[in-house]
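Read through the structure below, which is laid out as structure tokens, and then see the notes.
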Amino acid sequence: MRPRRRAAVAPGGCRRRRVRGFTLVEGMVVLAVIAVLAAIALPSLANVLAAQRLRAAGTDLVSSLLIARSEAIKRKARIDVEPRTAGDWTSGWRVATAASDEQIDRREPTGVRVAVARAPASVVYERNGRLAAVGITQFEFRDAERQPGIDARCVTIDPSGLPKLEIGGCR
């Protein structure tokens, strides 16, 4: 038979109690370290969100342009892609028939820190799916704060009406 372990006795005859867990000071130090790490990570998180908004705005526009081209061919009619607020593509855009103004597609505002440059007043697709405008049409989505490390997105529409999204500013 094993002998029983006796509880440790401190000088003076008191039993020592084994304490488990963290002290208040240790908990405060951990919270302070977490706060410092969060303060360091927050600016880079804001840049990641801005880059994601640029990517989303570019892909949304390409999607709307493909819908407009497809509808122009299918309906054998002119289709307009225009900003919801005249001259401001950051307010969102809509795709509608030119004759009856029937709305086919609509996109919401692009969000904060997204600026649009080099954009035409509107994009018009003819019945054959080609652009009404002559030449190449471009849209540039860039960071409104121009922070380093956030690449612009360029949407280029060739004369045949096909849009293409590229990373980097328009040339």
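Every number in this text was worked out from the coordinates using simple rules, so none of it is lab data. Computed from a predicted structure; not experimentally measured. All Cβ positions, even for glycine, are placed from backbone atoms using ideal geometry, and neighbour counts span all protein chains on display.
Order the peptides 57-64, 86-93 from the highest to the lowest mean number of other Cβ atoms within 10 Å of their residues.
Details: 57-64: 19.8, 86-93: 17.4.
My ranking of the peptides, most packed first, is 57-64, 86-93.
Taking every eigenvalue of the Cα gyration tensor of the stretch 20-74, multiplying by 5 and rooting it, what semi-axes result, largest first, whole Å? Don't skip to the answer; put the middle values down first.
Values: eigenvalues 512, 27, 3 Å².
Sorted largest first and rounded, they come to 51, 12, 4 Å.
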Dimensionless Rg/Rh of the stretch 9-101 - Kirkwood Rh, Rg from C-alpha atoms: 1.59
Helix axis angle, 24-75 relative to the chain longest principal axis, alpha carbon, degrees: 20 degrees
Whole-number percent relative contact order across the chain, with pairs defined as alpha carbons under 8 Å at least 6 apart: 18 percent
Residue among 135, 117, 59 farthest towards the positive dipole end of the stretch 24-167, charges placed on Cβ: 135
Dimensionless Rg/Rh of the chain - Kirkwood Rh, Rg from C-alpha atoms: 1.51
